[in-house]
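Just so you know, all these numbers are worked out from the coordinates, no wet-lab data involved. Remember, it's a predicted structure, so these values are computed and weren't measured experimentally. Cβ sites come from the backbone with ideal geometry, for glycine too, and all protein chains shown count toward neighbours.
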Amino acid sequence: MTDQRMTWKEMVDFSESHDLLAKKLYVVSSKPTNGLGPISAVLDEHVKFQTKLEVDGIMFAAGPLASEDLQEWLGEGLFMYRAGSMDEAVKIAESDPMHSSGARTFTVREWLLNEGTYTVQVFYSAGRPKIT
């Protein structure tokens, strides 16, 4: 039995030819280099940076990752950027105070958003309703 392989381009082409969204995003996996101390020192700057990316339309999603046993936060995070290329996504990640300070290291991978859905509900006059 031989291992079947598929190039990334073949996967992108498959997604597009099967009417999947095929929206390229860049996923950043961010991990501590030396515990929570250095992370805590730049956490406020990091949140400001992330918020600016959101306002600028670059940030698709971001947030912390729980430990596998769901008991604590070990300082890891996951971010998804809208970027024009891998190089651009890497430059954005390098600019994050978490990474430029050395508190975390990161990897970036291209990801295709193919399936899923979301719903938006807007209340013009009543504000956000109370959930009962």
Which one is right for this structure if Cα Rg over 2.2 N^0.38 Å is calculated from it: [x] 1.30; [y] 1.19; [z] 1.55? [x]
Once Rh for the range 78-130 is found with the Kirkwood sum over Cα pairs, what is the Stokes-Einstein diffusion coefficient at 20 °C and 1.002 mPa s, in µm²/s? 149 µm²/s
Between Leu70 and Asp13, what is the label-to-label distance in nm when each label sits 7 Å out along the Cα-to-Cβ direction? 4.3 nm
Which of the peptides 104-110, 31-37 is most tightly packed, and how do the rest follow, going by the mean number of other Cβ atoms within 10 Å of each residue? 104-110, 31-37
Between Glu45 and Asp87, the two model label points (7 Å from Cα along the beta-carbon direction) sit apart by a distance in nm of 2.7 nm
Counting DSSP beta bridges with both partners in the range 26-132, what percentage is antiparallel, nearest 5? 100 percent
Going by average Cβ density within 10 Å per residue, which order do the peptides 66-72, 76-82, 90-96 take, highest to lowest? 76-82, 90-96, 66-72
